[in-house]
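The values are calculated or read from the model by the stated rules, or taken from the named source; none is laboratory data. All of these numbers come straight from a predicted model, not from anything done at the bench. Please note: Cβ atoms are built from the backbone with ideal geometry, for glycine as well, and neighbour counts cover all protein chains shown. In case anyone asks, the SASA skips ligands and DNA or RNA and just uses the protein heavy atoms, side chains included. Shrake-Rupley method; radii C 1.70, N 1.55, O 1.52, S 1.80 Å.
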Amino acid sequence: MANVYSLDGLLVFGLLFICTCAYLKKVPRVKGWLLAEKRGVWGVFFKASVIGTRLHLTVALSCVTMAFYVLFLK
């Protein structure tokens with residue numbers, strides 16, 4: 001189980017959050033409901049989805065690297 005209070009747990013949480021928001025951006029109903037706000041607290045979801053779509057290759061490589069680290073090195 002990943003601990004959010006450690007650095008690697010925080011990185012896993014951040015990567016999963018970015019990947020989830022980027023995936024939810026492709027769902028039409030969720031995009032209109034959750035990702036409509038671009039400012040404030042709900043704007044974090046929009047910003048994470050933008051990061052996930054624009055930097056999809058970097059995020060994917062980071063997810064693979066983190067998965068390797070968590071499964072085999074930790």
> Name the residues in the stretch 16-31 that are outside any helix (DSSP H, G or I) and either at pLDDT 90 or above or not basic (Lys, Arg) (or both), would you?
Replying inline: Val27
> Are any residues in the stretch 1-55 within 21 Å of Val70 (Cα to Cα), touching a helix residue (DSSP H, G or I) at 6+ places or on another chain (Cβ under 7 Å) and open to solvent by 40 Å² or more (accessible area, probe 1.4 Å), and if so, which ones?
Replying inline: Ala2, Asn3, Val4, Leu11, Phe17, Cys19
> Out of all the residues in the stretch 38-54, is one or more at pLDDT 90 or above, charged (D, E, K, R) and not in a loop (DSSP other than H, G, I, E, B)?
Replying inline: yes
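Please find, within the stretch 4-15, the residue that is farthest from Leu35 (Cα to Cα) out of those that are without any contact (Cβ under 8 Å) to a residue 12 or more places away in the chain and assigned to a helix (DSSP H, G or I).
Narrowing the stretch 4-15 to residues without any contact (Cβ under 8 Å) to a residue 12 or more places away in the chain: 4-7, 9-10, 13-14.
Then drop every residue that is not assigned to a helix (DSSP H, G or I), which leaves 7, 9-10, 13-14.
Working: Leu7: 27, Gly9: 25, Leu10: 23, Phe13: 19, Gly14: 17 Å.
The residue in question is Leu7.
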